[in-house]
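All remarks here apply to the structure that follows.
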């Protein structure tokens, strides 16, 4: 088995642990998101995941959901 095959199999195994969600943002928004994430010391992916989790938590604790 070549290194490329081993790497490909390892990548496939890793990716199977995740669901993929694609989003569309208006032109220029990606740069704003990227810059903000970088200022927070995060990747775009980590920032978006954090934003989603924090929003869900906030929404679940809002008075209209009680």
What is the angle, in °, between the Cα long axis of helix 44-60 and the longest principal axis of the Cα atoms in the chain? Nearest 10 is fine, range 0 to 90. 40
Tail fraction, Cα-Cα pairs, the chain, threshold 14 Å, whole percent: 74
For the chain, longest principal axis from Cα atoms; helix 3-15 axis from its Cα atoms; angle between them, nearest 10 degrees, is 20
Helix 29-39 versus the longest principal axis of the chain: what angle, 0 to 90°, nearest 10, using Cα atoms? 90
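Only the coordinates and a few stated rules stand behind these numbers; no lab work does. What you see is a predicted model; the values in this text were computed from it and never measured.
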